[in-house]
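**Q** Pasting in a structure now, in structure tokens, and then I'll have a few things to ask.
No lab work stands behind these numbers, since they all come straight from the coordinates. In this text the structure is predicted, and so the values were computed from the model without any measurement. Neighbour counts are summed over all protein chains in view; Cβ atoms, including those assigned to glycine, are modelled from backbone coordinates with ideal geometry.
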Amino acid sequence: MAPNLRLNAVAFISPQNHPILIRTFAKQDEHSIKYHYIAHTSLDVIEERVNAGGKVADCYLGLLYAMEDVAVYGYITPLKVKIVVALALSDSVVKDVEVVMIFKALHMAYYSAISNPFLKLNAPTDGTQDHSPYLLVGSPKWKTFRARVDEISRVVGTTSNAVSNP
């Protein structure tokens, strides 16, 4: 991992553009609403890239935009679940390979969670129905998924500190 690579937030967004999970790892809680805003604004950029590119061959969408002190990267799964990562801006170069590894780990954590037959995440596809199953991610049953996302954040931070402190 690159030196000074730090994960500030991760957002999982449904194919219908409803937030599934938004986890913030920034020190201050007052900025958590900022990451909700970043997740929602990144949906526009993701939609533009997907529509402009036709059929997306690669799940990784690259750098979506940079804002204030964060760089926002995007990833879209084959089932159209969007994963948005906000990394803290630094002077070091962030390689796409490193960001792709983070996305693949997050994607596998999500995949493992939805593969559990006892958890429900199937929401109706029409706009008139209730999308409350997506809100179940906050329930205690999804504790393992949230823990995996937190562990990925810790590993990214630990690995970057280990590289920067030889």
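**Q** From the cross-link list Lys34/Lys82; Lys104/Lys143; Lys80/Lys104; Lys34/Lys95; Lys34/Lys80, which pairs have alpha carbons spaced over 22 Å apart?
**A** Where the Cα-Cα span goes over 22 Å, the pairs concerned are Lys34/Lys95; Lys34/Lys80.
**Q** Highest first, please rank the peptides 39-52, 74-87, 100-113 by the mean number of other Cβ atoms sitting within 10 Å of their residues.
**A** Ranked from most to least packed, the peptides come out as 74-87, 100-113, 39-52.
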